[in-house]
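Values in this text are rule-based calculations from the coordinates and carry no lab data. Not measured: the values here are computed from a predicted model. Positions of Cβ are generated from backbone atoms using ideal geometry, with glycine treated the same way; all protein chains shown enter the neighbour counts.
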Amino acid sequence: MTILIYIVFLSFIIYASYGPQSSFIAPLPGVEVVRSTNVVVPGGRAITIEKFGLIIVSPPDALPDGLFSVINIRLGISGPYIYPDSDTNHTMVAASPVYWLSSSKEFLKPLQFGIRHYTSQKSIIKVYTADNNQMNMSYIFEEIPNVTVSRDYVYFSVNHFSGFSANSTETTFCGTLYYQRSPTVKFQWDYNYVISQCSLVDLHDFDKTWSKQFKNHMILFEEHSTEIELVIEFNPSKNWSVVASFDLVYTKEILQMNYIANNMQFSLQWTRNDGLPASEELKFFLKGARTPRNITVKTQSIDYWEYYLYNKFFIVVASVVTIMIGFFILILVLSCQGNKKDILILFIIMIIIISIFLISYCFQDHINEIIKYLIFILQSILAALLLYLVFYRLVPEMKSTLVLEQLWNKLLFMKNNK
């Protein structure tokens, strides 16, 4: 009973945190929100939460013990934002999305926030904040003093919730390589090399079927370069070939815009005929980039078990055919009046033929032409022996050539004798 009361009480607290207090989330007219989520901050203990490149650190005395607060996080990549004028020596650019935060409860102590900035140690980093209430149809940002910059994050303390953004004196770009197995073409993999501002790298919205091979690969342009091109060799190795590629050039001007993703797309296909796809490292040159000079694509491999599953349709069909053949043999056994030894030999020969066929098919990539020829001869001999047993040993022993009629009569005879 005590446990039930506790569960009901806890459910009420969570419901109270999420449900009726959802009005604490203020509207953001004019802001393009690309991500949104809620996190729960319990009172009475320290907790650290990381979402979308934002770290929230709550001290144990920020809320009384037993209370919960819901913090809503929204990421806006564009909107009617107005930042302070840059000084004559430095031009500030966005180093993160704008994090719009709302809380269902007031905190007793300030929280510490950390924003991932994706910039080098040489850059100057500043944090700006704006209220979620528009002034003259715009959101006016002001600089937050006393920030602490680490290698990956910039930290600051606040006692209110609004919009926060990290800006720096440099724009950095990152590359992420995605891949997936082609759903239609055998032994082919499709790749997406996504380039975007590092501040937007966590906002890529790819389908769940895509996997990441490497993430957040820092890209630096050459000194006078205005574009980056992924140079594709259509035969990067003797085992793999590029069968499709497009959108391989992106300009620096486009990348500096608030586009979440730019895709360099290509497909690799296994070209060897004497084996299953094996893993290799293929390098493709990045023209116009100082770092990295090329990207390394690790191709995918397939083992025999995966290959069998890939051809599971064939296995299912072969199993159905085997069952049908076994049923046919059962009919012959019930219909034949002579020696059952020939039926047993027939059954064994058919199993051997089917087994040889399955094995030779599954291992066809590792069987040379001589072995294939010998297997064909063996299967031909067994098939001839099979026909001999059926037409010269079994058929003459049947009372009638109508096998199904013989089976039906036998079943009626067995029923009448009961």
Original post:
Taking 0.36 nm per residue of separation and subtracting the Cα-Cα distance, what length does fully extending Thr148 through Thr291 add?
Top reply: 48.7 nm
Subject >> Distance between modelled label sites at Ser78 and Val321, nm, 7 Å Cα→Cβ extension >> reply: 5.8 nm
Original post:
Taking one equal scatterer on every alpha-carbon of region 36-138, how large is log10 of I(q)/I(0) by Debye at q = 0.17, 0.19, 0.22, 0.24 1/Å?
Top reply: -0.91, -1.05, -1.22, -1.33
Original post:
Taking the mean number of other Cβ atoms within 10 Å as a proxy for protection, how do you rank 291-297, 166-172, 185-191 from highest to lowest?
Top reply: 166-172, 185-191, 291-297
Original post:
Taking only C-alpha pairs under 8 Å that are 6+ residues apart, what is the relative contact order of region 178-302 in percent?
Top reply: 30 percent
Original post:
To the nearest 0.05, how large is the calculated FRET efficiency for Ile352 and Lys298 if R₀ is 30 Å and r is the Cβ-Cβ distance?
Top reply: 0.10
Original post:
Can you give the FRET efficiency for Val390 and Gln180, using 1/(1 + (r/R0)^6), R0 = 51 Å, r = Cβ-Cβ distance, to the nearest 0.05?
Top reply: 0.55
Original post:
Which pairs break 28 Å Cα to Cα here: Lys122/Lys252; Lys212/Lys252; Lys126/Lys298; Lys126/Lys215?
Top reply: Lys126/Lys298
**OP:** Mind putting a number on the dipole of region 61-139 about its Cα centre? Charges go on the C-beta only, +1 for Lys and Arg and -1 for Asp and Glu, and I need it in Debye to the nearest 20.
**Re:** 260 debye
Original post:
What does the charge count near Gly43 come to, summing +1 for each Lys or Arg and -1 for each Asp or Glu among other residues with Cβ under 14 Å from its Cβ?
Top reply: 0
